[in-house]
Amino acid sequence: MSEASMRELACEARLNLRRLPDYMGSIADRLRSFEADASQHGQRIDFRFAFGDASVDMERLVMRANAADRDGLARIKDLLATAVEVYAREESPEIVWTGDLAEETRLAQFREMVVTDIRDLTPHMRRIRFAGEDLSRFAKFGGMHIRMLFPTRDVPDPLWPVLGGNGLPVWPADDRRPVARVYTIRKLDVAEGIIDVDFLVHPGESVGSAWAMQAAPGMKLGIMGPVGRPVRQADWYVMGADETGLPALARLLETLPRQTRGVAFVEIANDGERQEIANATGIELHWLTRDGVPAGEDRLLAEAVRSVAWPQDGSAFGWFAAEAAAAKSVREHWRDTMGLGRGETLAAAYWRRGAAGLMAG
Ligand SMILES: Cc1cc2nc3c(=O)[nH]c(=O)nc-3n(C[C@H](O)[C@H](O)[C@H](O)COP(=O)(O)OP(=O)(O)OC[C@H]3O[C@@H](n4cnc5c(N)ncnc54)[C@H](O)[C@@H]3O)c2cc1C
């Protein structure tokens with residue numbers, strides 16, 4: 001296939017922003033973090049993703065997107081529009097895409113899923129299998145997470161979001177709006193049309209955990225994604241996760257190349273929460289137990305990860321996913337004490353003690 005035909009779908013959007021150059025550094029950084037190569041040509045910055053191309057022209061105030069297929073074009077429109085909405089918020093950006101697929105109202109990143117199987121891996125980890133149509137996009141773009149859209153007691157029969165003219169989701173009014181929480185696709189089988197999600201069942205009022213506890217075959221919910229940036233390839237990793245980061249850590253251990261080395265720590269409530277992981281790598285896995293200390297209060301995981309000496313040669317990456325305070329402590333150590341950058345580390349807050357719905361908006 002020629003270069004031209006690989007990028008055959010095209011669209012553009014005019015921007016009403018007076019101070020676009022002021023935000024462009026942040027917009028470009030965000031797009032680069034989704035593995036785009038960026039190059040500047042005068043007032044225009046071009047971005048090349050694996051799934052298509054984009055450009056932002058600061059003089060003509062126009063953004064353009066090209067891709068080989070609908071998923072790629074929708075993904076680029078979403079990445080561009082989200083970056084502009086986030087960084088140019090104070091100018092209330094108005095984005096209207098014209099060109100290919102401009103009339104599309106189906107939200108490319110949305111699927112309705114139905115529960116087909118439920119299995120308790122441990123006393124507090126419940127694996128739920130969902131079936132849905134055409135899941136191929138969840139294997140693309142390098143993100144392994146999804147935003148799950150739950151029915152709740154207040155909104156038992158939600159309406160799903162549709163695609164707006166700006167390339168972003170349009171949500172129903174609050175009385176029909178589902179509640180979102182972020183989860184990891186533990187396993188994806190595109191041919192079978194299934195995903196598995198491992199839900200930590202935790203105490204207290206909640207949405208995701210409460211839904212998982214009463215889930216039954218035949219129940220429906222929505223998913224949007226994939227969400228998240230690709231994990232940087234490296235020869236050696238230091239990893240850390242509590243139960244919420246465990247599904248992602250396990251997926252990484254099962255899919256990273258065999259010759260990968262390093263050390264991984266997983267914090268669990270007690271030994272009863274250990275689970276089988278088909279670790280395909282040479283990364284050493286260690287389980288740390290809280291033994292009665294409430295989740296989010298134990299310092300053991302962050303301390304273990306912080307104390308690891310990084311190798312002097314070869315490429316190395318630090319990956320961490322747990323409660324917000326632990327993530328902050330690890331991020332500060334890697335960034336401030338060790339002087340490592342974004343390209344070598346990712347320390348993410350997956351939940352915050354006392355706060356509902358972290359990262360779900
Ligand atoms: C990228 C990403 C991937 C994630 N993947 C997974 C996954 O695969 N599986 C998974 O189980 N979680 C995962 N999480 C974490 C999950 O999104 C949060 O734990 C979320 O808060 C759960 O929603 P909830 O509705 O059950 O609780 P919420 O309604 O958000 O919170 C209600 C209360 O429960 C508390 N709470 C939330 N999480 C926990 C916890 N882990 N332990 C104790 N108390 C808690 C909150 O502090 C709050 O007080 C992920 C998060 C991110 C950002």
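Which residues among segment 298-338 fall inside the zone where the amide N is under 16 Å from a point 7 Å beyond the Cα of Gln259, along Cα→Cβ? Within reach of a label on Gln259: 313-316.
A straight line joining the Cα centroids of segment 300-339 and segment 85-163 runs 31 Å.
Only Cα pairs under 8 Å and 6+ residues apart enter the sum, and on that basis the relative contact order of segment 277-361 stands at 26 percent. Seen from Asp271, the other residues with C-beta closer than 12 Å to its C-beta sum to a net charge of 0, counting Lys and Arg as +1 and Asp and Glu as -1. Kirkwood analysis of the Cα pair distances in the chain returns a hydrodynamic radius of 21.8 Å. Using the Cβ-Cβ distance between Ala215 and Glu90 with R0 set to 51 Å, the FRET efficiency works out to roughly 0.75. Averaging the sequence gap over all C-alpha pairs within less than 8 Å and six or more residues apart, then dividing by the number of residues, gives the chain a relative contact order of 14 percent. A crude spin-label estimate for the pair Ser39 and Arg18, with each label 7 Å from Cα along the Cβ direction, gives 3.5 nm. DSSP assigns beta bridges within the chain; of those with both partners inside it, close to 70 percent run antiparallel.
A Gaussian network model of the chain, with springs between Cα atoms under 10 Å, assigns the largest mean-square fluctuation among Gly222, Gly343, Gly52 to Gly343.
Of all lysines in the structure, those lying under 26 Å Cα to Cα from Lys140, and not within fewer than 8 positions of it along the same chain, are Lys77, Lys187, Lys220.
Taking each residue as 0.36 nm, the span from Val162 to Val62 lengthens on full extension beyond its C-alpha to C-alpha distance by 33.6 nm. Quick one: grab the alpha carbon gyration tensor of segment 134-292, order the square roots of its eigenvalues as a ≥ b ≥ c, and give me rounded if a/c is under 1.5, else prolate or oblate depending on whether a/b is larger than b/c. In terms of gyration-tensor shape, oblate.
Classification of segment 110-227 by its C-alpha gyration tensor yields an oblate form. The axis ratio a/c (a ≥ b ≥ c) is 1.5 or more, and b/c is at least a/b. Taking 0.36 nm per residue of separation and subtracting the current Cα-Cα distance, fully stretching the chain between Ala360 and Val293 would add 21.5 nm.
Descending by average beta-carbon neighbour count within 10 Å, the peptides 63-71, 188-196 line up as 63-71, 188-196, the highest first.
How would you classify segment 256-361 from its alpha-carbon gyration tensor, with a ≥ b ≥ c the square roots of the eigenvalues: rounded for a/c under 1.5, else prolate if a/b is greater than b/c, otherwise oblate? Oblate, since a/c reaches 1.5 and b/c is not below a/b. Helix 70-87 and the longest principal axis of the Cα set of the chain meet at an angle near 90°. Helical content of the chain, expressed as a calculated mean residue ellipticity at 222 nm, amounts to -5500 deg cm²/dmol (DSSP H runs of 4 or more residues, -39,500 (n - 2.57) each, divided by residue number, nearest 500).
Rounded to the nearest 0.05, the FRET efficiency derived from the C-beta distance between Arg119 and Thr152 at R0 = 25 Å is 0.55. Would you mind checking the tilt of helix 246-255 against the longest principal axis of the Cα atoms of the chain, expressed as 0 to 90 degrees and rounded to 10? It works out to around 80 degrees.
To the nearest 10 degrees, how steep is helix 20-32 against the longest Cα principal axis of the chain, on a 0 to 90 scale? Once rounded, one gets 50 degrees. Annotation: aspartates and glutamates with alpha-carbon distance below 19 angstrom to Lys328 (same-chain offsets under eight excluded): Asp242, Glu243, Glu267, Glu297, Asp298, Glu303, Asp336, Glu344.
Every number in this text was worked out from the coordinates using simple rules, so none of it is lab data. Since we're looking at a predicted model, the values are computed, not measured. Every residue, glycine as well, gets a Cβ built from its backbone with ideal geometry; the counts of neighbours run over all protein chains shown.
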